[in-house]
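The values are calculated or read from the model by the stated rules, or taken from the named source; none is laboratory data. Because the structure is a prediction, the values reported are computed rather than measured. For neighbour counting, all protein chains shown are included, and Cβ atoms are generated from backbone atoms with ideal geometry for every residue, glycine included.
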Amino acid sequence: MGSLTVALWVTLAGGLGAVLRFILAQWIGQLPWGILFANTAASFLLGLFINGDLATTVIVSALAGGLSTFSSFAGQTAAFWSLHHRAQAILNFVANLVLPSTGVIVGAALATTLLK
């Protein structure tokens with residue numbers, strides 16, 4: 001793929017990821033479940049394609065980058081903390097580190113298994 005074609009796909013994938021994140025962000029309960037899901041799904045998706053060719057990795061990274069959001073997770077955690085909802089703040093912090101990290105590891109392992 002040429003660099004202009006890859007740039008177009010990156011633009012589209014990043015935009016799609018951002019729209020999906022916007023939709024998922026509406027899912028809020030005791031924790032902001034939608035953002036947690038978006039961060040975990042984006043990490044899993046990236047793990048699936050991390051060893052692909054460069055163009056695929058860049059496009060999937062754009063989708064995952066548009067879908068996931070560190071700033072929303074950090075802002076929500078800070079809001080919980082400032083409202084003295086310490087347990088929710090800590091749980092949100094830990095969940096948004098552990099689940100997405102696990103997602104990328106599981107995605108990469110699944111991809112490796114499927115490609116054998």
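Things worth noting here:
- Cβ-Cβ under 8 Å pairs, at least 6 apart or on other chains, region 99-115 side assigned to a helix (DSSP H, G or I), far side exposed (fewer than 14 other Cβ atoms within 10 Å of the Cβ): Ala108/Asn51; Ala111/Asn51; Thr112/Asn51
- Residue match in region 76-93 (condition: at pLDDT 90 or above, under 17 Å from Val19 (Cα atoms), in contact with a helix residue (DSSP H, G or I) (Cβ under 6 Å, 6 or more places away or on another chain) and among the hydrophobic types (A, V, I, L, M, F, W, C)): no
- Here Gly65, Gly47, Gly29, Gly52 are screened, and the one residue that is farther than 29 Å from Val6 by Cβ and either of a type in the set (Gly, Ala, Ser) or part of a helix (DSSP H, G or I) (or both) is Gly29.
- Within region 85-94, the residues that satisfy the criterion of being surrounded by 15 or more Cβ atoms within 10 Å (Cβ to Cβ) and touching a Ser or Thr at 6+ places or on another chain (Cβ under 9 Å) are Gln88, Ala89, Asn92, Phe93.
- Selection of region 66-84 for residues being under 14 Å from the mean Cα position of the chain (by Cα) and surrounded by 17 or more Cβ atoms within 10 Å (Cβ to Cβ) yields Gly66, Leu67, Ser68, Thr69, Ser72, Phe73.
- Qualifying residue in region 1-24 (condition: in a helix (DSSP H, G or I), touching a helix residue (DSSP H, G or I) at 6+ places or on another chain (Cβ under 8 Å), basic (Lys, Arg) and surrounded by 13 or more Cβ atoms within 10 Å (Cβ to Cβ)): yes
- Neighbours by Cβ (under 7 Å, 6+ apart or cross-chain): first from region 78-97, in contact (Cβ under 8 Å) with a residue 40 or more places away in the chain; second exposed (fewer than 15 other Cβ atoms within 10 Å of the Cβ): Gln88/Gln30
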